[in-house]
Amino acid sequence: MTLRRKFSQELGDVLNELIQIDKVHFNKRSLEESISKFDYYVIQKSLSTIGEVLSTVIVHLGLPGHKNLVFPLIMSCIVHVGILLVIMHFYLVILFIYRYIWIINRELLDLANKLRGNSHIAFPRLRLLLSLFSRLLKLNSRAGGIYDYQMILMMCTVLGSNIVATYFLIVHTVSPKKTFTTLKLFLFSQALFINTWDFWLSIAVCDLAERTAQNTATILRLFSDIDNMDIELDRRLNNFSMFCSHRKLRFYHCGLFDVNYRMGFQMIITSVLYLLFLVQFDYMNL
């Protein structure tokens with residue numbers, strides 16, 4: 001119970017600090033400009049969460065012998081919603097970090113354009129952007145520490161269930177016995193699709209935030225082409241560039257793997273290989 005309270009307190013501190021960054025350091029115009037992809041992924045995650053719950057209900061009611069078991073269905077939905085909400089918290093933290101880094105990148109581009117037009121820029125704002133970037137990386141590390149085990153368990157569970165569901169689809173579809181009816185095929189197919197969709201969304205937002213943070217270093221290189229730059233400004237930009245090269249935004253769970261598109265495709269390949277092994281092992285039943 002103490003450990004749970006500690007994690008809850010840590011999560012509350014992370015979310016409060018993100019809200020503080022939102023209210024204090026960014027203006028309303030910047031926040032509105034960054035809202036497009038943010039809303040897109042929030043809406044998708046909301047739909048996938050609803051789809052996961054509906055999928056549980058559809059599978060439960062569609063399989064024979066389970067229509068009258070209302071209490072197990074309710075308990076299953078409650079547990080499922082609880083797990084999905086835990087994952088949703090981490091998902092939203094990643095999206096907020098992505099959103100703020102996107103705003104930092106936009107401000108750095110504006111500063112580069114002002115310098116090219118021989119305009120004056122404020123040194124304190126550049127120092128503040130570096131401070132915010134550092135704070136966001138620390139918040140990401142803190143959030144990752146809270147959700148390491150939950151995310152690994154979720155990914156392993158989804159991967160295993162998708163492998164098993166696909167295996168049964170393959171085996172019972174090509175089997176001469178044809179034990180799968182059209183209804184059963186639909187139930188397994190929709191559950192497989194929704195699980196994969198929800199799983200891939202978690203990978204997509206991690207990769208989006210990681211690529212956005214990598215763009216920060218690319219934007220800072222634009223300042224190297226500007227002539228007659230102030231010495232103090234050049235020093236601050238070099239410090240920012242060195243910080244970005246040594247401290248990178250990564251979603252590295254328990255020191256095992258990075259969560260990005262590369263890892264997602266590797267998991268898909270692994271799933272296909274496991275399916276081939278299972279089908280070859282059980283080929284006598286086909």
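Here, each number is a calculation from the coordinates, and none is a lab measurement. Given the structure is predicted, the values throughout are model-derived calculations rather than measurements. So basically every Cβ, Gly included, is an ideal-geometry build from the backbone, and we count neighbours across all protein chains shown.
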Where does the charge balance sit around Trp197 when Lys and Arg score +1, Asp and Glu -1, over other residues with C-beta under 13 Å from its C-beta?
-1
Residues with beta-carbon under 10 Å from that of Thr212, excluding Thr212: net charge, scoring Lys, Arg +1 and Asp, Glu -1?
+1
Could you compute the net charge surrounding Leu136? Neighbours are other residues with a C-beta less than 14 Å from the C-beta of Leu136; K and R count +1, D and E count -1.
+3
Principal axes first, then extents: for the Cα atoms of segment 194-275, list largest minus smallest coordinate on each axis, whole Å, largest first.
61, 23, 19
